[in-house]
Amino acid sequence: RPEIDQWIISTLNSLVKAYTDAMESYDVTKAARSISDFTIDQLSNWYVRRNRKRFWSKYFPTSSTEAGKDKTSAYQTLYDCLITISKLIAPFAPFIAEELYRNLNIITQKEKYSSVHLAHIPKPDEQAINHDLEESMEREQRIVSLVRAIRNKANLKIRQPLPRIIIPISNERDRLVIERMDQIIRDEINVKKIEFVGSGSEIVRKRAKPNFKIIGPKYGKSVQTVASIIKNFCTKDINEIEEKGEIIISLDGNNIRITPDDFEIIYDDVQGWLVETDNDLTVALDTTLTDELIQEGLAREFVNRVQMMRKDAQFNVADRIQIYVESQPLLQQALLKFQNYITEETLAIKLEQQFQEGEKSADWEINGELCKIGIERVKSFDIN
């Protein structure tokens, strides 16, 4: 299986293990929530969404042996997840479990029993659990979450490509963990490149804010002096405390220990960069936009509008279309430059830079550029 299939199978078996422990402790709520979290967050919002094109190939078979194997692996992996979920939820969602189980078994005839309530509860396959792979994906998901938070704060749409992110790392293992998922990260957050710097890099500027709840009881009458010292920490001082776990300073002839618990870290944005952190993970996003990136952003927004029009027109997901568009100069250049990308994403056989009414037509403003779009179905596929 491809690595992402191995990951979801590993996560599935980790779920079965956690579920078994919870059920044997009579903690039904914990067991049910673990299934819910896996199904929504990992299987649906991540695995299925990340693999749409692999499932999509069902409607456009290819003669490539490798492509055929890849499609089969995607469907087989999804089946393994769903049939296992049906068995896990059977004790507390009996009817939907039965519906899911029977529908899957009608198609595949792989299950021994006619009802999910006759089948055995799955046992975890320890050989399929890959903790390193799960850690890599978990780190990657945290990076994606941080960058999305940055984009939201800065009002930068996810469809606008950006040049790079920089991630401070303290060791080579961290680099390898992130590099393992490089392509997935860049696809998810729409950046061109991931770069790494040492944890002491000036790209990430840190300030320390005294944590008075901790240092008040700890230092008593000297609290304001200690707070003043903490406020004057530079990035280098903070990095040293994070690395060593403490720093020793002299106060009134006595040595005192300042630890990471004594302060909160505040990250300052560097000009042209936006910074976000989550515990031990920090990401800096380069927000510089070149003409090519702006054009690509326009092309992606254009694809989004066409997809909305396809949905409004109630076209089948596999229908081929023709696009007619009249646009202002900047958008027109973007459509010419990224024409192949646009036609592939929208299943268009042609993109005409001349407007005419189609089965569905609409006026749009795309990042300040006005345009008229008409779409027409030229070939229909029955996907049922």
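The values are calculated or read from the model by the stated rules, or taken from the named source; none is laboratory data. The shown structure was predicted, so the numbers you read here are calculated from the model rather than taken from an experiment. Counting neighbours? That spans all protein chains shown, and the Cβs are built from the backbone with ideal geometry, glycine included. Heads up: the accessible areas ignore ligands, DNA and RNA and are worked out on the full protein's heavy atoms, side chains in. Shrake-Rupley method; radii C 1.70, N 1.55, O 1.52, S 1.80 Å.
When you go through LEU100, LEU12, LEU43 one by one, which is the residue that is surrounded by 12 or more Cβ atoms within 10 Å (Cβ to Cβ) and under 30 Å from THR346 (Cβ atoms)?
Numbers: LEU100 fails: under 30 Å from THR346 (Cβ atoms); LEU12 fails: under 30 Å from THR346 (Cβ atoms).
Unique residue meeting the criteria: LEU43.
Is one or more of the residues making up segment 49-68 open to solvent by 50 Å² or more (accessible area, probe 1.4 Å), touching a helix residue (DSSP H, G or I) at 6+ places or on another chain (Cβ under 7 Å) and assigned to a helix (DSSP H, G or I)?
yes
Being touching a residue at least 40 places away in the same chain (Cβ under 8 Å) and either open to solvent by 20 Å² or more (accessible area, probe 1.4 Å) or within 34 Å of the chain's Cα centre (by Cα) (or both) is the requirement here; does GLU242 meet it?
Values: touching a residue at least 40 places away in the same chain (Cβ under 8 Å): yes; either open to solvent by 20 Å² or more (accessible area, probe 1.4 Å) or within 34 Å of the chain's Cα centre (by Cα) (or both): yes.
So GLU242 passes the test.
What pairs come out if I take residues in segment 77-88 that are closer than 12 Å to LYS110 by Cβ and assigned to a helix (DSSP H, G or I) and pair them with residues that are among the charged types (D, E, K, R) and open to solvent by 10 Å² or more (accessible area, probe 1.4 Å) whose C-beta lies under 9 Å away, six or more apart or interchain?
Pairs found: TYR79/LYS110; ILE83/LYS110; ILE83/GLU111.
Please state which one of ALA32, ALA74 is open to solvent by less than 20 Å² (accessible area, probe 1.4 Å) and closer than 30 Å to ILE143 by Cβ.
Values: ALA32 fails: open to solvent by less than 20 Å² (accessible area, probe 1.4 Å).
Testing whether each residue is open to solvent by less than 20 Å² (accessible area, probe 1.4 Å) and closer than 30 Å to ILE143 by Cβ leaves just ALA74.
I want to confirm something. Restricting to segment 119-178 and keeping residues that are assigned to a helix (DSSP H, G or I) and of a type in the set (Asp, Glu), which single residue is least open to solvent (accessible area, probe 1.4 Å)? Walk me through how you get there before you give the answer.
Within segment 119-178, the subset assigned to a helix (DSSP H, G or I) is 126-128, 131-154, 172-178.
Now drop any that are not of a type in the set (Asp, Glu), which leaves 126, 132, 134-135, 138, 140, 172, 174.
Numbers: GLU126: 97, ASP132: 88, GLU134: 41, GLU135: 59, GLU138: 88, GLU140: 2, GLU172: 105, ASP174: 28 Å².
It comes out as GLU140.
From the set of residues in segment 279-291 that are open to solvent by 50 Å² or more (accessible area, probe 1.4 Å) and in contact (Cβ under 8 Å) with a residue 60 or more places away in the chain, which is farthest from LYS206 (Cα to Cα)? Spell out how you get there, then give the answer.
Taking segment 279-291 first, the residues open to solvent by 50 Å² or more (accessible area, probe 1.4 Å) are 279-280, 288-291.
In the following step, the residues that additionally are in contact (Cβ under 8 Å) with a residue 60 or more places away in the chain were identified as 288-290.
Details: THR288: 22, LEU289: 26, THR290: 29 Å.
Only one residue tops the list, namely THR290.
Scanning segment 193-208 for residues that are within 11 Å of LEU285 (Cα to Cα) and in contact with a helix residue (DSSP H, G or I) (Cβ under 8 Å, 6 or more places away or on another chain), which turns out least open to solvent (accessible area, probe 1.4 Å)? Please lay out each step first, then the result.
Quick first cut of segment 193-208, residues within 11 Å of LEU285 (Cα to Cα) only: 193-195, 203-204.
Then drop every residue that is not in contact with a helix residue (DSSP H, G or I) (Cβ under 8 Å, 6 or more places away or on another chain), which leaves 193-194, 204.
On the way: LYS193: 104, ILE194: 20, VAL204: 3 Å².
Among those residues, the one meeting the criterion is VAL204.
Only one of (1) modelled with pLDDT of 85 or more; (2) part of a helix (DSSP H, G or I); (3) open to solvent by less than 30 Å² (accessible area, probe 1.4 Å); (4) not polar (S, T, N, Q) is not met by PRO217, so which one is it?
Here PRO217 meets the rest and fails (3).
Failed condition for VAL306, given (1) open to solvent by 10 Å² or more (accessible area, probe 1.4 Å); (2) closer than 30 Å to GLN356 by Cβ, with all others met?
VAL306 satisfies every listed condition except (1).
Scan segment 245-258 for residues that are open to solvent by 20 Å² or more (accessible area, probe 1.4 Å) and either among the charged types (D, E, K, R) or within 12 Å of ALA208 (Cβ to Cβ) (or both) and report the count.
Qualifying residue count, segment 245-258: 4.
Let me spell it out: the conditions are (1) part of a helix (DSSP H, G or I); (2) open to solvent by 70 Å² or more (accessible area, probe 1.4 Å); (3) at pLDDT below 80, and GLN224 meets all of them except one. Which number is the exception?
Single failed check for GLN224: (3).
Regarding segment 329-345, can at least one residue be identified that is touching a Cys at 6+ places or on another chain (Cβ under 7 Å) and farther than 30 Å from ILE265 by Cβ?
Step one: filter segment 329-345 for residues touching a Cys at 6+ places or on another chain (Cβ under 7 Å), giving 331.
Right, trim to farther than 30 Å from ILE265 by Cβ and you get 331.
Scanning segment 329-345, I find at least one residue that is touching a Cys at 6+ places or on another chain (Cβ under 7 Å) and farther than 30 Å from ILE265 by Cβ, so the answer is yes.
What are the residues in segment 140-156 that are within 15 Å of the chain's Cα centre (by Cα) and not hydrophobic (A, V, I, L, M, F, W, C), if any? Don't jump to the end; show me each part of the working.
Keep residues of segment 140-156 that are within 15 Å of the chain's Cα centre (by Cα), which gives 140-152.
Result: GLU140, GLN141, ARG142, SER145, ARG148, ARG151, ASN152.
Considering each of ILE294, ILE342, ILE323 in turn, give the residue that is under 17 Å from PHE355 (Cβ atoms), β-branched (Val, Ile, Thr) and either over 25 Å from the mean Cα position of the chain (by Cα) or open to solvent by 30 Å² or more (accessible area, probe 1.4 Å) (or both). Give the steps one after another, and end with the answer.
Working: ILE294 fails: under 17 Å from PHE355 (Cβ atoms); ILE342 fails: either over 25 Å from the mean Cα position of the chain (by Cα) or open to solvent by 30 Å² or more (accessible area, probe 1.4 Å) (or both).
Criteria check complete, one pass: ILE323.
Within segment 272-282, track down each residue that is in contact with a strand residue (DSSP E or B) (Cβ under 9 Å, 6 or more places away or on another chain) and either among the polar types (S, T, N, Q) or at pLDDT 90 or above (or both).
The answer is THR277, THR282.
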